[in-house]
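Encoded as C-alpha cells, the structure appears first; notes follow it.
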Amino acid sequence: MNVHFIAIGGAAMHNLAIALHNKGYQVTGSDDEIFDPSKSRLESKGLLPEAYGWFPEKITADLDAVVLGMHAKADNPELLKAQELGLKIYSYPEFLYEQSKHKTRVVIGGSHGKTTITSMILHVMNYHDIDVDFMVGAQLEGFDVMVKLTDDNDFIVLEGDEYLSSPIDRRPKFHLYQPNIALLSGIAWDHINVFPTFDNYVEQFKIFVDSIVKGGSISYNAEDEALKRVVEASENTIRKLPYYTPEYTVEDGETLLETPEGPLPIEVFGKHNLNNLAGAKWICQHMGVDEDDFYEAIATFKGASKRLEKITEGKTSVAYKDFAHSPSKVSATTTAMKEQYPDKTVVACLELHTYSSLNAEFLKEYKGALDAADVAVVFYSPHAVKIKQLEEVTHQQIADAFERDDLIIYTDPESFKDYLFSQDFTNKALLLMSSGNYGGLDFNTVKSIIK
C-alpha cells in the first residue's frame, strides 16, 4: 500500500508511519514542524519530509490511503486536494481499526490510568515472549516503537483515548475500535473544550461500552461510581467483569502486593497503580496468561514513561515526575507519594498547563487535589493562557480553588526555578506534575538538588 500522512510529526502519527514502513508499506508524509523524538525517529527510517510545510502536489491518485492527524486543520491544502481527488481519508483510529479488523481487539480506556494499564499488559506479554500488535501512548522500556502492526498476530492491544479522532471526524477515538475485550479504569471529567459538561463527557463512555462486540467483555474499576453506573446500565450483550484494588502494604519505601503465594515486592506504587495492576491482570488472563505468570512478570514492571517516573534518588531524598494534570490524577499521584514516603516531607509541584486546568470555571475541580502534600506549589504561565485564548486566571482564583492557605503560587518560570533550586531537599520527596515543562525546566538539572 501507498500511504500518505498529513501531520506525520505527531507522537501517535509518526509511530504509526514507522509501523507501516516496518510492515513494508510505501510511506510519505508532511508537516509544518517536527520536533524530537519524532524527527530523529522518522529520519532514521528515511521518512522525514525533505521540507516542512504542506504540498498539495504530494497528493496524487496513486495513493491508496491518506491518514489525517489532529495537528492539521480542516482547510489543510493537502486534505483539500485529497478530498478533491476522492481519496480514502482515514483518521488515526480509523486506520488502526482497518489494520486490525480481523484480529482480537483489546481496548484500554478511561480518564486515567489507560497508558499505565496498557503498558503493564505489554510488559507482561513481552516478558513471556508473547507477540502481540499494539498502540500505546508512552515510550516503554524494552520497546523501540509505540505502535506495532503485523499480518500474523492474533491480538492487538490499543490504548483507547476519548479525545477527537481528526479535524474532520469529531468522534472520540475509542468509539472507532469496536473491541472484543475492553477495560475502563474510571471516569473523571476532562477535555472541557470538547465535552463542556460532565454528562456530555460520561455519554462518550456509554457509547464506548455499547460499541463492544456482542459476546465480548468489559473489565471495569467497580470502585468508580460513575463508571459502575455506566457499565451496569448498558444493555449490550457482553460479560461485565468488575475489578477492585488488591491488598498491599508499604514497608520502608517498598510496596508489597498480596498474592496467593505471599507478599510480592513490586516497582510501582500508589493505590491508583495497584488498581491499574488489578485491571491489567484480568486482561492478561483473558489473553491467556495465568495468574502466577502475571505476578512473575509484573514484579519487574518499572512504569510507563512520565508516569510516576523516578528522576533521581539521593541518600535521604528522591524526585519523581508525572504526567498528572487532571484533578483526579493529581490527587491520586500526590496521595501515592505520601503513602510511599510517609517519613519524608512531600513537596508537590503542579503545573496548570492544559486547556481544562487553565479554565477559571474548571479550576474548582482541583479542590483538595494537593491536600496529601506537605508542601504544595502551583505554577502556571500567563503566556500559555494567552496562547489558548482563554480568560486570564488570577492568583486569587487559584488560591480559592485549591482551598489551601499555605499554597505557593508562581506565574514566572524563573521565579519557580529559583524557588526549586534554593530549597534544602534533605529528607524530602519531590513530585513534579505536568504535561509541560514549567516554562523551560530541564528535568535533568533537578538531580543536582537531590542529596
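Rule-based calculations on the coordinates, nothing more; no lab input. Because the structure is a prediction, the values reported are computed rather than measured. Backbone-built Cβ (ideal geometry, glycine too); neighbour counts: all protein chains shown.
Taking all Cα-Cα distances within the chain, those exceeding 39 Å account for 22%.
Just need log10 I(q)/I(0) for the range 242-346 at q = 0.10, 0.12, 0.23 Å⁻¹, Debye formula, equal scatterers on the alpha-carbon atoms, no solvent, rounded to two decimals. Each listed q corresponds, in turn, to -0.29, -0.42, -1.40.
Listed cross-link partners LYS45/LYS103; LYS39/LYS240; LYS364/LYS417; LYS39/LYS306 are compared with a 32 Å cut-off, the Cα-Cα value being larger for LYS39/LYS240. Candidate cross-link partners of LYS344 among the aspartates and glutamates, defined by an alpha-carbon separation under 17 Å and a same-chain spacing of 8 or more, comprise GLU251, ASP252, GLU254, GLU313, ASP371, ASP374, ASP424. Put a plus charge on the Cβ of each Lys and Arg, a minus charge on the Cβ of each Asp and Glu, and nothing anywhere else: the dipole of the chain about its Cα centre is then about 500 debye.
Once you divide the Cα radius of gyration of the range 212-280 by 2.2 N^0.38 Å, the number left is 1.36.
With θ taken as phi - 60° and the Karplus curve 6.51 cos²θ - 1.76 cosθ + 1.60 applied, the whole-hertz 3J(HN,Hα) list for the range 315-322 is 5, 10, 9, 8, 9, 10, 10, 8 Hz, x standing for glycine and proline. Of the three principal axes defined by the Cα atoms of the range 159-266, the extents in descending order read 51, 33, 23 Å. Among the trypsin sites (Lys or Arg not before Pro) in the range 284-334, those placed in a DSSP loop whose Cβ has at most 11 other Cβ atoms within 10 Å are LYS315.
The residues THR115, THR316, THR245, when put in order of fewest to most other Cβ atoms within 10 Å, stand as THR316, THR245, THR115.
Note on the range 287-328: dipole from Cβ charges, positive end direction compared against THR300, ALA319, VAL289; the farthest Cα belongs to ALA319. Dividing the helix sum by the residues of the chain, where each DSSP H run of 4 or more adds -39500 (n - 2.57), gives a mean residue ellipticity at 222 nm of -9000 deg cm²/dmol. Taking the alpha carbon gyration tensor of the range 2-87, multiplying each eigenvalue by 5 and rooting it gives semi-axes of 19, 15, 10 Å, largest first.
Entry note, the chain: relative contact order of 11 percent, from Cα contacts under 8 Å with a spacing of 6+ residues. Under 25 Å from the Cα of LYS81, which lysines turn up, not counting those fewer than eight places away in the same chain? LYS81 reaches LYS58, LYS73, LYS173.
Count the DSSP beta bridges whose two residues both fall in the chain, then state the antiparallel fraction as a percent rounded to the nearest 5. Beta bridges within the chain, antiparallel portion: roughly 25 percent.
Give me the base-10 log of I(q)/I(0) for the range 82-236 at each q in 0.11, 0.14, 0.20 Å⁻¹, Debye formula, one uniform scatterer per Cα, rounded to two decimals. So the normalised log intensities work out to -0.44, -0.70, -1.32.
I need the calculated FRET efficiency for the pair ASP343 and LYS364, taking r as the beta carbon distance and R₀ as 30 Å, to the nearest 0.05. Could the numbers behind the result be given before it?
Working: r = 33 Å, r/R0 = 1.09.
Efficiency computed from Cβ-Cβ geometry: 0.35.
Applying D = kT/(6 pi eta Rh) to the range 309-449, where Rh is the Kirkwood radius over alpha-carbon pairs, T corresponds to 4 °C and eta to 1.567 mPa s, the Stokes-Einstein value obtained is 86 µm²/s.
Can you list which of the GluC sites (Glu not before Pro) found in the range 196-255 are DSSP loop residues with at most 10 other C-beta atoms within 10 Å?
GLU235
Only one residue of MET13, GLY216, THR354 has its Cα farthest out toward the positive end of the dipole of the chain, where Lys and Arg carry +1 and Asp and Glu -1 on Cβ, and that residue is MET13.
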